[in-house]
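Shown next, in structure tokens, is the structure this report addresses.
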Amino acid sequence: MNHINRLAIIGAFRALGGSIIWPFTGYALYTVFNFPLSIVSIYYLIQAVFSVLAYISGGYITDFLGRIKAMIISILLSSLFLLLSFLFYHPLLVASFLLLQSFFNNVYNVANTTLVGDINKGEFKKLVSSFSRVRVGINAGWAFGPLIGSIIFEYQGFRQLLLISSFILLIPLIFVFSLPDFKGIRRFYFSIHKEFAKFLLPTFLTFMLMSQLGFSLLTFYTEVVKLSVEDVGFLFMINGLLIVILQDIIGKFLKVKTIILGMFIYSFSYLAVAFITSFIFACIDVVFITLAEMIVSPLSQAIASSLTKDEERGREMGVYGMVTALGRLIGSSYASYLMSFFLFTPLYLWFFISILGFLSIPLYLLSLKRIETNG
């Protein structure tokens with residue numbers, strides 16, 4: 001088994017454990033612990049701060065200690081904090097432990113993304129192919145995690161999800177020790193060059209939009225369209241299964257500028273959510289959202305990795321990971337804030353969400369103008 005396939009298997013178990021709880025965290029704070037939507041929005045903002053710290057420190061940890069040690073530390077501590085949230089099931093303690101769990105989960109993400117770049121140095125097509133393969137594994141877990149999580153959430157409660165996720169997240173340790181290790185230069189100073197910095201701005205907007213496949217859709221579909229939690233879990237399963245089936249195939253045809261097409265599809269698909277009134281239309285829309293994801297996500301990672309320097313890859317990919325995490329979390333916070341005013345005014349809600357994608361398109365055109373790759 002090659003190293004990328006091992007990373008894909010690890011990604012499958014991590015995604016299974018994470019996706020059991022991730023889409024339901026904000027929803028649980030809102031419906032189980034009775035936090036108002038404004039407080040849920042603040043929670044995601046606090047998590048964004050934790051993510052900044054995690055990705056910056058994770059970049060240094062990955063370069064200084066090596067990719068494998070960083071992975072092992074993050075796996076063990078991610079599992080531990082989920083277990084503690086199960087044992088000490090109090091609203092403030094659960095929220096605090098989940099913030100700490102997300103911190104170490106993000107450290108793993110830095111190490112994982114950096115390692116893919118280490119294995120495929122300077123080969124853009126192989127980078128796209130490798131990130132596509134890793135996403136196949138991740139989405140094999142994502143395909144079933146939210147559906148399983150929705151059933152357990154509905155009949156056993158959020159607390160049981162925390163315990164189950166804690167144990168699942170330990171399974172990747174079996175595979176981590178067989179991966180190759182790399183380290184970067186041990187120095188605290190590093191600089192980000194202009195082209196990389198220009199690419200990060202549209203990346204931030206992109207991941208704000210991508211974050212809506214979670215708390216935002218779950219809350220909108222259950223509260224407004226009146227779908228069940230299990231129905232939304234099935235939508236997430238469609239997303240994951242389509243990526244498992246099609247990501248490798250689509251990855252073979254991706255070029256740098258194809259990311260523009262992906263953002264058009266993303267933006268129109270989220271705008272269309274405002275007009276959805278049934279489960280069937282929700283299924284059709286999630287197919288287009290997934291198609292956009294299969295185009296944008298591996299290309300974004302591959303472009304970012306191709307812009308990094310070998311000796312500082314961990315730190316530079318840490319910055320990229322920080323931007324994507326901030327995008328996801330601020331995107332969830334942004335949606336929570338909008339829902340406080342427009343939850344039952346769908347056209348306004350999803351217009352203000354989809355505009356993020358439309359704004360990213362001219363920024364990508366500017367940032368990609370001078371990027372030279374062999375892809």
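For every residue, the table says whether it meets (1) farther than 23 Å from I119 by Cα; (2) buried (at least 19 other Cβ atoms within 10 Å of the Cβ).
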| position | (1), (2) |
| --- | --- |
| Q47 | yes, yes |
| S51 | yes, yes |
| Y55 | no, yes |
| G58 | no, yes |
| T62 | no, yes |
| A70 | no, yes |
| L76 | yes, no |
| L80 | yes, no |
| H90 | yes, no |
Restricting attention to the stretch 298-321, the residues that are β-branched (V, I, T) and more than 18 Å from T206 (Cα to Cα) number exactly 1
Kindly establish whether I245 is without any contact (Cβ under 8 Å) to a residue 12 or more places away in the chain, open to solvent by 10 Å² or more (accessible area, probe 1.4 Å), β-branched (V, I, T) and within 23 Å of D63 (Cα to Cα). no
Some residue of the stretch 267-284 being closer than 19 Å to Y348 by Cα and within 18 Å of the chain's Cα centre (by Cα): yes
Only one of (1) open to solvent by 10 Å² or more (accessible area, probe 1.4 Å); (2) closer than 22 Å to S85 by Cβ; (3) assigned to a helix (DSSP H, G or I) does not apply to V107, and that is (1)
Checking K121 against (1) at pLDDT below 90; (2) surrounded by fewer than 21 Cβ atoms within 10 Å (Cβ to Cβ); (3) in a helix (DSSP H, G or I); (4) not small (G, A, S): exactly one of these is not met. Which one? (3)
Looking at the stretch 229-252, is at least one residue in a loop (DSSP other than H, G, I, E, B) and under 25 Å from K125 (Cβ atoms)? yes
Log entry, pairs with first residue in the stretch 127-140 being more than 23 Å from F234 (Cα to Cα), second being outside any helix (DSSP H, G or I), beta carbons closer than 6 Å, six or more apart or on different chains, reads L127/N120; V128/L254; S130/N120
Taking N112 as the residue in question, decide whether it is open to solvent by less than 30 Å² (accessible area, probe 1.4 Å), touching a Gly at 6+ places or on another chain (Cβ under 8 Å) and closer than 30 Å to G66 by Cα. yes
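The values are calculated or read from the model by the stated rules, or taken from the named source; none is laboratory data. The structure presented is a predicted model; accordingly, all values stated were derived computationally and were not measured. Note that each Cβ is placed from the backbone with ideal geometry, even for glycine, and that neighbours are counted across all protein chains shown. Note: accessible area is taken over every heavy atom of the protein model, side chains too, but ligands, DNA and RNA are not part of it. Shrake-Rupley method; radii C 1.70, N 1.55, O 1.52, S 1.80 Å.
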